[in-house]
Every structure is written in C-alpha cells, then in structure tokens.
Protein chains: 2
Amino acid sequence: MEDSDSGFFATQTIGIIGLGLIGGSYAKGLRRIGAGRIIAIDTDAAALRQAKADGVIDEGYTAGCRALGMADMLIFCTDTHAMIQFVRDNTLFFKSDVLLTDVAGIKGDTARIIRSLLTDTMDFVPCHPMAGREGRGYGMAAAEIFYGANYIIVPCRENKKQHIHTITSMARKLGCAHVVSVTPEEHDRFIAYTSSLPHVLATALVNSEAMNPAVKFFVAGSFRDGTRVADINAPLWTQLFLANKENLLYEIDRFTTSLQEFTSLLETEDRPGMTHFLQQAAKRRRELVHETNSR
Amino acid sequence: MEDSDSGFFATQTIGIIGLGLIGGSYAKGLRRIGAGRIIAIDTDAAALRQAKADGVIDEGYTAGCRALGMADMLIFCTDTHAMIQFVRDNTLFFKSDVLLTDVAGIKGDTARIIRSLLTDTMDFVPCHPMAGREGRGYGMAAAEIFYGANYIIVPCRENKKQHIHTITSMARKLGCAHVVSVTPEEHDRFIAYTSSLPHVLATALVNSEAMNPAVKFFVAGSFRDGTRVADINAPLWTQLFLANKENLLYEIDRFTTSLQEFTSLLETEDRPGMTHFLQQAAKRRRELVHETNSR
C-alpha cells in the first residue's frame, strides 16, 4: 500500500466496516479531509442509504463482497468478535497489501488472532481513538468527535513503519491533538481508569435508588455532565467491561478507596482535610486540561 | 417594592453582593435583559473595576454602605455565613421595602435567621438557581449559565406573593427553563443527590491513586465530562458538603449500593444482568434529558 502525506487520502479507497456512531464519524471526517473513495459495510441497509444520501460514503454493502478488493485501508468500527469473524470470512476478498486498523476499546490478544488470519503482505495496526459521544448509530455520527482527541496506536512487531505513518497522518488530519503508542497491556490498564470507570460511575449514579421524577428539576450541569455517558450502548459496553474485568475491578477498588477517604472526612467533619482533598482534585483537573490542551 | 413585568428591571436598582462566578453571571445576565441600574459589593476591588470596565455594573463598592439604600432588590451571591454577617451589619442601610434573595446551595434554617434580622416591610425569598460552571471568580462569569437551567424557589410563609412573582419573572428573563417551589427540607435532600454527589464523585475520581501523568493521553470525553466539576472552589464546597452532611452521607451510601450492584455483576460475569443494568441507566438518562428539555 502506497502512502504519501499529500496524495494518499485523495487517491485511495477506504473501507469502513460497521457504520455506527464511530464508523459514521470516520466516514464524515474522512470525507471532510478529502478522502477519494469511501465504501462502507454494515448490516443496517437504512444507515448505508442515509450515508450515501448524505454524500458521506460512495457505496454501501450489507455484507463482505468483492468490493472489499478495492479498499487500500479497512477501518473496523465493530466490536472485536464481529471484527475477527469478518476477517475470517472475507480475507480472500482483501487487497493483497491492505492495511487493516480498528477502534476497539479493549485490546487483549486480538492483534495476535487477526494476524494469524492474514497473509504476510497484509498488515493490521490496532488503534483506539479516544473519541466518542453519547448515543449510538449512524444518526449520532459526527466528524467533530475527533477534534482535539487523543489517538492511541497499539503497534505490533510486524507492523510496517509506513503504515504507522499513514495512521498517524490520518489521525492528525481528522483533527486529533495527540497520537501516542503503547503496549496492549498498558492500553487496557489505562483505559480501565480513564474510560470504563467514568462510564461505570455515570450509570451507577443514575441507577441509584435516589433517582426519581421529583429530582429532575434539581439537576444542574454537574449531574448532566456526570451522567452524559450513562446513555450507553448497553450490549457493546457489557462486552468491553467483561473483556477488561480484572483491570476494571482494580480501578473500581481504587476509586472506592478515594471515595471512602472523602466519606471519612465528612463523617468526622474534618474541614481542613476536606478542603485539602478538594484542592488536590481541582489542581489535578486543571493540570489535566492544561497538559492535553483539551476541554 | 413595585413590580410590573415590563418595567421592573428597567427602572429599579439591583444590588449584587459577591461578584464572583455566580454574582458576575447575574450581573451579566441582568445587564443583557435590560436592568436599569446594577451595583455590586465585593471585597475584590479588581473584580469590581473589571465589571465596571465591561459595562456590566454601574458602580462597585468594597463594603456595605449608603449606596445599599438605592437597591430595590439585593441578590446575595456569597456563602451563607457571609450573607448572614452582611445582613446583620447592614440592615440599617437597606431600603425599607427591599427584596432580598440568595443563591445558597444548602438552605437549612438560614431563612429563619435572616428573617429575624429584617424589619417587617423587608422580605427575603430564598432561592437556588441550578446553574453554575467550573472554576471561580468574576473572570469565569457568564450570562449563559442560566440558559435552560432550573430555578428553585424555597419560599417562606412570610413572603409577599408579588416578590415570588418578581423572582419568577427574573429567572425566566435570564433564560431559565423551569421555576419550581419546594420546602427547605426537600431542597437539601434532593440537592445532596443531584449536585453534591456528582461533585464528590468527580473529585474522588481524579483523586484516585490511578491518576498519574501517563494516563493523560487516554482521557476522552467520558473522563473529561465526569471530572469537569472536580475543578472546584474548595473552601466553598467544604462548607456546602458539611452543612448538608447527613443527606450527603445517605446519598453516598445509596450510590455505593448501586456501584456494588454493578461490581457484583462484573465479578460473577453476569452478562444479561449487566446489560440490563446499563439499559436501565441509558433509559433513565434519556428520560431525564427529555423531561427537563435540557442538555
């Protein structure tokens, strides 16, 4: 697969497997940065029709087919199981030097499995764009989810340097602020804290017994923001949480320790201790925003 | 104090005590809706100068003074202790039929104390606009914090009907979506869940041992949103949390029960149970947004 920073996206064909919220956002973003040809595969024919009507994709297919042979790059925006199954069923259709990449939130040993299904000239570069939003489906897709986001690459030993460069270039063009590389183990450990845990807290907060119709007018920004991602894709996240069980249990435990520290300060009415706890939080939050140049 | 929906805000003088984030937002919002004269009192002379330079206030004072006698309405945007002290020290300066109101996040028996410091012709209508944002100080003030927000009135038996009407009218003009009345007890109970608890969770999340420089690139929208309010005014919130201790401890306990329910589902790998838990959260979050017509 050829790559030159200026010409690649204008001349190559990109295939998106799974045209939901994330896949649709790639399609919209890639269209915006001038991608030449975009095809999509999804079982949802209505989403494909809509995307084609929107001018976001050039062609849509409801199953793997010969059209895959046109794709220089395939971006898997499905869950991990569906990706593995799709690769297993369709490798024969793939272009001989195709570049595969994905967006899966948990890495585990997926790369090893995919690798074993490919020929030596094909390449799979596992990725995880730290971008998303509430809701699900193509209707919620937006090119803006990438703006200022962090794009994580989880490279394998076999990856061609040029492919890492292609992905890096794409991420930057889509508007991502940082592109960083880590091992699969680091990825899954960090993600349990920065992504899974906030989703767990948001859902646990709205699922509290305290939630009832009377409280709705008492909701302000803190509750809205703290529960935004509670509007969750339940089957997808069930799979993500279970796939990263040990790391997530560990992070729930560390969060609970932190919450208990606050609770003790409240119970004992330790005013200086509580102010210190809150000041540390404010400092950390400000540093985080400052360091990542994001919201 | 006179009130007519059309003329009041153009002809009367409004005094804002405490020109920080909330006070400054009132000043900006009231200026935008055409308030005639706005004065402010704050110990921070720089904030007063800035607000005057911005055209947001007409005059600023660093302490209570005769100028208070011009104000038809005084909006206290300080903490509760400072409000009580200010009223105690300055009642003699107040206009004889002044309308006082506040924004305190916890009500307790503040209204009774303020009432005892006023003459019979003065009136105090306790309020709590469910509006705010991260950070602190006049520099962070914005008229937009009221847009679509809920404005809570916690009326007392002694309140003049006409004053409730004035506050309601002001809230609507500022852009609030709903104005609702509750008892002080209801207020403090609900607020522990919808406001205090999300702040506690946000601060506990960034204060987890998991937080370190390496994780910053793994931060996406869920973590940013879930920790936005961790950038907290530490002394103010220490006071708010301690003033509502029993309600908050109760809500932390109910949240913990909800979190433990999720943790058990994860430990036992109860896939259908977890999907159900997440689906319930998604449904509740969507209903909440739908019902309150807000973000």
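See the values below:
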read-out: Cross-chain or 6+ apart pairs with Cβ under 7 Å, segment B:1-16 first and at pLDDT below 80, then of a type in the set (Asp, Glu) and crowded, with 19+ Cβ neighbours inside 10 Å; value: B:1/B:72
read-out: Count of residues meeting criterion [farther than 17 Å from residue A:125 by Cα and in a loop (DSSP other than H, G, I, E, B)] in segment A:61-101; value: 4
read-out: Selection status of residue B:215, surrounded by fewer than 21 Cβ atoms within 10 Å (Cβ to Cβ), facing another protein chain (nearest Cβ under 7 Å) and in a helix (DSSP H, G or I); value: yes
read-out: Among the candidates B:251, B:246, residue that is at pLDDT 95 or above, in contact with a helix residue (DSSP H, G or I) (Cβ under 9 Å, 6 or more places away or on another chain), more than 7 Å from every other protein chain (Cβ to nearest Cβ) and assigned to a helix (DSSP H, G or I); value: B:246
read-out: Candidates B:225, B:188 - the one that is surrounded by fewer than 24 Cβ atoms within 10 Å (Cβ to Cβ), of a type in the set (Asp, Glu), at the interface with chain A (Cβ under 7 Å from one of its Cβ atoms) and in contact with a helix residue (DSSP H, G or I) (Cβ under 6 Å, 6 or more places away or on another chain); value: B:225
read-out: All strands (runs of 3 or more DSSP E) inside segment B:114-195 with 2 or more residues being farther than 26 Å from residue B:238 by Cα; value: B:178-181
read-out: Segment A:231-243: number of residues that are at the interface with chain B (Cβ under 7 Å from one of its Cβ atoms) and touching a residue at least 12 places away in the same chain (Cβ under 8 Å); value: 4
read-out: Segment A:155-183, residues that are touching a Gly at 6+ places or on another chain (Cβ under 8 Å) and either among the small types (Gly, Ala, Ser) or not assigned by TED's automatic domain parsing to the domain that holds residue A:130 (or both); value: A:175, A:177
read-out: Residue tally, condition under 18 Å from residue B:22 (Cα atoms) and charged (D, E, K, R), over segment B:38-90; value: 8
read-out: Residues that are at pLDDT 95 or above and part of a loop (DSSP other than H, G, I, E, B), drawn from segment B:102-113; value: B:103
read-out: Filtered residues of segment B:120-143 (kept if more than 9 Å from chain A (Cβ to nearest Cβ), of a type outside the set (Val, Ile, Thr) and in contact with a Ser or Thr (Cβ under 8 Å, 6 or more places away or on another chain)); value: B:122, B:124, B:126, B:127, B:141, B:142, B:143
read-out: Residue pairs meeting the criteria (Cβ under 7 Å; at least 6 apart or on separate chains; first in the same structural domain as residue A:193 (by TED's automatic domain parsing), in segment A:250-274; second outside any helix (DSSP H, G or I) and among the hydrophobic types (A, V, I, L, M, F, W, C)); value: A:251/B:210; A:254/B:210
read-out: Residue list for segment B:150-168, restricted to those being within 17 Å of residue B:187 (Cα to Cα) and in contact with a Lys or Arg (Cβ under 9 Å, 6 or more places away or on another chain); value: B:150, B:151, B:154, B:156
read-out: Verdict on residue A:178 being surrounded by fewer than 22 Cβ atoms within 10 Å (Cβ to Cβ) and within 9 Å of chain B (Cβ to nearest Cβ); value: yes
read-out: Tally, over segment A:144-167, of residues that are more than 14 Å from every other protein chain (Cβ to nearest Cβ) and under 24 Å from residue A:9 (Cα atoms); value: 12
read-out: One residue from B:278, B:288, B:259 being within 17 Å of residue A:251 (Cβ to Cβ), touching a helix residue (DSSP H, G or I) at 6+ places or on another chain (Cβ under 8 Å) and either in a helix (DSSP H, G or I) or more than 7 Å from every other protein chain (Cβ to nearest Cβ) (or both); value: B:259
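The values are calculated or read from the model by the stated rules, or taken from the named source; none is laboratory data. Note that the structure is a prediction, hence the values are computed from the model and not measured. Heads up, the Cβs are rebuilt from the backbone with ideal geometry, glycines too, and the neighbour counts pull from every protein chain shown.
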